[in-house]
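Here is the structure we will look at, set down as structure tokens.
The values are calculated or read from the model by the stated rules, or taken from the named source; none is laboratory data. What you are looking at is a predicted structure, and each value in this text was computed from that prediction instead of being measured. Neighbour counts run over all protein chains shown; Cβ positions are idealised from the backbone, glycine included. What goes into the accessible areas is simple: the full protein's heavy atoms, side chains included, and nothing from ligands, DNA or RNA. Shrake-Rupley method; radii C 1.70, N 1.55, O 1.52, S 1.80 Å.
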There are 2 protein chains.
Amino acid sequence: MATITKVSPLAPARFPDLPQLGGVRFATAAAGVKYAGRTDVMLAVLDAGTSVAGVFTRSSTRAAPVLDCQQKLGGDNTGPAAILVNSGNANAFTGHYGQISVAEVTKAVAETTGVPEARVFTASTGVIGEPLPHDRIVSQITDLNAGLSGDAIEAAAQAIMTTDTFAKGASAQVEVDGKTVSIAGIAKGSGMIAPDMATMLVYIFTDAGYDQAALQGAVSAMADRTFNCITVDSDTSTSDSLLVCATGAAGVDATGNAGFDAALERVMRELAHLVVRDGEGATKFIEIRVTGAVSDAEAKTHGLSVANSPLVKTAIAGEDANWGRVVMAIGKSGAAADRDRLSISFGDILVAEKGWVSPNYREEDAAAYMKAQDLVIAIDLGLGSGAATVWTCDLTHGYIEINADYRS
Amino acid sequence: MATITKVSPLAPARFPDLPQLGGVRFATAAAGVKYAGRTDVMLAVLDAGTSVAGVFTRSSTRAAPVLDCQQKLGGDNTGPAAILVNSGNANAFTGHYGQISVAEVTKAVAETTGVPEARVFTASTGVIGEPLPHDRIVSQITDLNAGLSGDAIEAAAQAIMTTDTFAKGASAQVEVDGKTVSIAGIAKGSGMIAPDMATMLVYIFTDAGYDQAALQGAVSAMADRTFNCITVDSDTSTSDSLLVCATGAAGVDATGNAGFDAALERVMRELAHLVVRDGEGATKFIEIRVTGAVSDAEAKTHGLSVANSPLVKTAIAGEDANWGRVVMAIGKSGAAADRDRLSISFGDILVAEKGWVSPNYREEDAAAYMKAQDLVIAIDLGLGSGAATVWTCDLTHGYIEINADYRS
């Protein structure tokens, strides 16, 4: 396990003040799953009637806890619910033993907290292919249950970190039917980040009520525009999980409320951006805006092709306005493009148009722009009205350092 | 332009002795297109009746010379033919001006050599988006034509290099109808290497005769199994071009001859491997053999997903037998996989089987194996009879050094 000592230069100054929400309590423990001297297990317990929606990795080699959560999602939500997460070991590619670990942890949580087993959701994140020492987690459940508290969400965000260099949280408050409801979420993720559920682990809570089936539909659509639009390294985790829990403790039903939905999507987008800002080795945060594509889906294909191109990402690391590599990445994406209708801007600087460099382009302007920490690359294909925005970071020596040495 | 001083540790000891072939002559010149103090233009002139087949990048932003070659391919082959290549500037994304450059160079070659314009094939490789200073090339054509020689193929291989750290050549000799015919090829390529014609520039010559239409069919199929099975960085060039020229000077028709076809494919595979061995920053050559897939196409999808995974490639750079990342890359590929039927070997070491680590696996064996320069990762999906082999290199600090600083 690499020792990550430096905090990402793109990290926010501090963890945000998150609102305390009715209906959810947290606790953390140091179970020694893999790491020493830090917390590595978090438990969240949710009041009876909480709606739970989820989105998971589409990997065909997904981890045992993911398969278990997918089976449980959408069931009866009259009882309470619980979320148990460990870091340090992904319980992925661990065969039949992996299922036993999930069952043992789930059973212990259910017996101790009184939550039905069918509403205990687990997740594991860390190394792949090693047996999860689930006894160490089980032995902490009684203490975790005794320590549950409504104001421990920051501790929860810390306990789920692996190669993350900072804990990630975001929140929103919004009026629904004249009452203020709150949304608070935490996330972990730094490498092995790419769409098809690029979240790593994300838990979002609200004290609003929300019909469970409707919540699932809304969250799936929002995930496609937020977590599924980020990429650090094009690699998709076996463990990615997002759960959104609506406790209803505020006494307001937000089902289908446009203002609430917008606030929830804002929180999801902010957490997705924080994952990119903690991208392994990242020194630049890059927004890629694609317009004029044949369809939204083709716009996203182009955007991700640029965002995943090692040559684009290394050029940005070198603060090089190498727009030729952007052209290359559009050309290879497989989505429709006409070289002679393409225009590319870096920030407000029009770099290329109609198949060649813009007549007003001055390389020194672009070179100055590339020194910024947050960059926007805008691509207009000039073909239709399809649009998408994706986010990524640069590819640096830091990524190689972290990943050429992670496991040994 | 980065100064590349070190030769790849995976380079062969020296350029091979290539057989001299009847019907083709070469010349090189230092035109100063971009580089100083080295050759950067090569001319090859082929005798009347030479069959020419080609495969090109599928990029939608492909360069002007590629579009020109694609138009010319398959035409009447009774007259002589010529190939003119420059390094240092790709003449890609240069709008209408790019076509003018191709026309000017083509016209000059045709007028000086007597080759019909419809049989003058050009290629340009280097930086994207800058106008090609074609006058510098045109001014060299007379000298190039005067200097044509049958034994200058190594000089030709040197003149087409960009970030390559060594010149690449391969050959074969084979009996057809009791006569020995020869095949000799050269290639350049080091970065921006990924399938959909991952060749960069490759020129292969034979003194056998071969029906032009049949040659095109054979070469396209062979490219899918050789050049389209290599990847350095998943980025696809705007300029990739492969031409195979059969002069017929040996007085033998090899059309459809199985022995000849096998020899030609061997030369193509060897040149493809040399491109990977010169992959930017490469320290390991990796063969990924996929079997048991639902189809050959799905096997290739899995193989390329592993070969393009930054996490797999950095683990190999760190000599870390991190097979969990191989599992991850199979899981994300989108092709069919069943976690519990999957087996993975590193060399002869069975690492994982039936969804978990193999009971006989000892990490110290795999760690010792990973220190080798040439590695084989074998993946059996246990689903069907689809198979494919792809080749790649590791991802190191060297790649970041070369590419974070290439253009500025």
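Brief remarks on what is shown
- In the set (1) of a type outside the set (K, R); (2) more than 7 Å from every other protein chain (Cβ to nearest Cβ); (3) over 24 Å from the mean Cα position of the chain (by Cα), A:A337 fails one condition alone, (2).
- Conditions (1) open to solvent by 30 Å² or more (accessible area, probe 1.4 Å); (2) within 12 Å of another protein chain (Cβ to nearest Cβ); number of the one not met by B:P310: (1)
- Yes/no for A:V105 being surrounded by 24 or more Cβ atoms within 10 Å (Cβ to Cβ) and either under 23 Å from the mean Cα position of the chain (by Cα) or in contact (Cβ under 8 Å) with a residue 40 or more places away in the chain (or both): no
- Enumeration of residues in segment B:330-346 that are open to solvent by less than 20 Å² (accessible area, probe 1.4 Å), of a type in the set (G, A, S) and over 17 Å from A:L67 (Cα atoms): B:A335
- Lone unmet requirement of (1) aliphatic (A, V, I, L, M); (2) within 20 Å of A:L271 (Cα to Cα); (3) in a loop (DSSP other than H, G, I, E, B) for A:A53: (3)
- Any pair with Cβ under 6 angstrom, 6 or more apart, that starts in segment A:41-64 at a residue that is more than 23 Å from A:T226 (Cα to Cα) and ends at one that is aromatic (F, W, Y): A:A44/A:F26
- A:A366 meets the stated requirement of being in contact with a Phe, Trp or Tyr (Cβ under 8 Å, 6 or more places away or on another chain), open to solvent by less than 60 Å² (accessible area, probe 1.4 Å) and outside any strand (DSSP E or B).
- Set side by side, the residues A:S139, A:S190 differ, and just one is among the polar types (S, T, N, Q) and within 14 Å of another protein chain (Cβ to nearest Cβ), which is A:S190.
- Some residue of segment A:204-213 being in a helix (DSSP H, G or I) and at pLDDT 90 or above: yes
- A search for C-beta distances below 8 Å between a residue of segment A:153-171 that is within 16 Å of A:F205 (Cα to Cα) and any residue that is of a type in the set (D, E) and assigned to a helix (DSSP H, G or I), counting only pairs 6+ apart in sequence or on different chains, returns A:G169/A:E154; A:A170/A:E270.
- A residue that is part of a loop (DSSP other than H, G, I, E, B) and open to solvent by 10 Å² or more (accessible area, probe 1.4 Å) cannot be found anywhere in segment B:260-278.
- Scanning segment B:108-122 for residues that are in contact with a Lys or Arg (Cβ under 9 Å, 6 or more places away or on another chain) and open to solvent by less than 20 Å² (accessible area, probe 1.4 Å) gives B:A110, B:R119, B:V120, B:F121.
- Selected residue (only one of A:A272, A:A317 is within 14 Å of chain B (Cβ to nearest Cβ), in contact with a helix residue (DSSP H, G or I) (Cβ under 9 Å, 6 or more places away or on another chain), within 30 Å of B:H397 (Cβ to Cβ) and among the small types (G, A, S)): A:A317
- Single residue of A:R38, A:R14, A:R58 found to be of a type in the set (K, R), at pLDDT below 90 and assigned to a loop (DSSP other than H, G, I, E, B): A:R58
- Members of segment B:285-307 found to be open to solvent by 10 Å² or more (accessible area, probe 1.4 Å) and within 14 Å of chain A (Cβ to nearest Cβ), listed by number: B:V294, B:E298, B:T301, B:L304, B:S305
- Test: A:W323 is in contact with a strand residue (DSSP E or B) (Cβ under 8 Å, 6 or more places away or on another chain), within 20 Å of B:A90 (Cβ to Cβ) and aromatic (F, W, Y): yes
- Cβ-Cβ under 7 Å pairs, at least 6 apart or on other chains, segment A:5-20 side more than 18 Å from A:E280 (Cβ to Cβ), far side of a type in the set (G, A, S) and in a loop (DSSP other than H, G, I, E, B): A:F15/A:A167; A:Q20/A:G150
- When we screen A:T122, A:T106, A:T180, A:T162 for residues that are in contact with a strand residue (DSSP E or B) (Cβ under 6 Å, 6 or more places away or on another chain) and within 14 Å of another protein chain (Cβ to nearest Cβ), the only hit is A:T162.
- Scanning segment A:376-401 for residues that are buried (at least 20 other Cβ atoms within 10 Å of the Cβ) and not in a loop (DSSP other than H, G, I, E, B) returns A:I377, A:I379, A:G386, A:A388, A:V390, A:W391, A:T392, A:C393, A:G398, A:Y399, A:I400.
- Candidates in segment A:313-324 are the residues that are over 27 Å from A:D224 (Cβ atoms) and charged (D, E, K, R); of these, the one that is surrounded by the fewest Cβ atoms within 10 Å (Cβ to Cβ) is A:D320.
The rows are residues; the columns are (1) within 13 Å of another protein chain (Cβ to nearest Cβ); (2) touching a residue at least 12 places away in the same chain (Cβ under 8 Å).
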| site | (1), (2) |
| --- | --- |
| B:S345 | no, yes |
| B:E353 | yes, no |
| B:W356 | yes, no |
| B:Y361 | yes, yes |
| B:K371 | yes, yes |
| B:V376 | no, yes |
| B:G386 | no, yes |
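- Boolean, B:R277 is more than 14 Å from chain A (Cβ to nearest Cβ) and closer than 26 Å to B:S385 by Cβ: no
- Of all residues in segment B:40-64, those that are more than 14 Å from chain A (Cβ to nearest Cβ) and over 26 Å from B:A249 (Cβ atoms) total 1.
- Residue identified as outside the structural domain of A:G129 (by TED's automatic domain parsing) and at positive phi among A:G334, A:G386: A:G334
- Of all residues making up segment B:337-357, the number that are under 16 Å from A:R58 (Cα atoms) and touching a helix residue (DSSP H, G or I) at 6+ places or on another chain (Cβ under 6 Å): 1
- The one condition from (1) in a loop (DSSP other than H, G, I, E, B); (2) hydroxyl-bearing (S, T, Y); (3) within 14 Å of another protein chain (Cβ to nearest Cβ) that A:Y97 does not meet is (1).
- Subset of segment A:17-35 that is assigned to a loop (DSSP other than H, G, I, E, B) and among the charged types (D, E, K, R) - its residue that is most open to solvent (accessible area, probe 1.4 Å): A:D17
- Total residues in segment B:241-257, condition at pLDDT 90 or above, in contact with a Ser or Thr (Cβ under 6 Å, 6 or more places away or on another chain) and open to solvent by less than 10 Å² (accessible area, probe 1.4 Å): 1
- Counting residues in segment A:52-59 that are closer than 23 Å to B:G331 by Cβ, open to solvent by 10 Å² or more (accessible area, probe 1.4 Å) and not β-branched (V, I, T) gives one or more.
- Test: residue in segment A:77-94 that is in a helix (DSSP H, G or I) and crowded, with 18+ Cβ neighbours inside 10 Å: no
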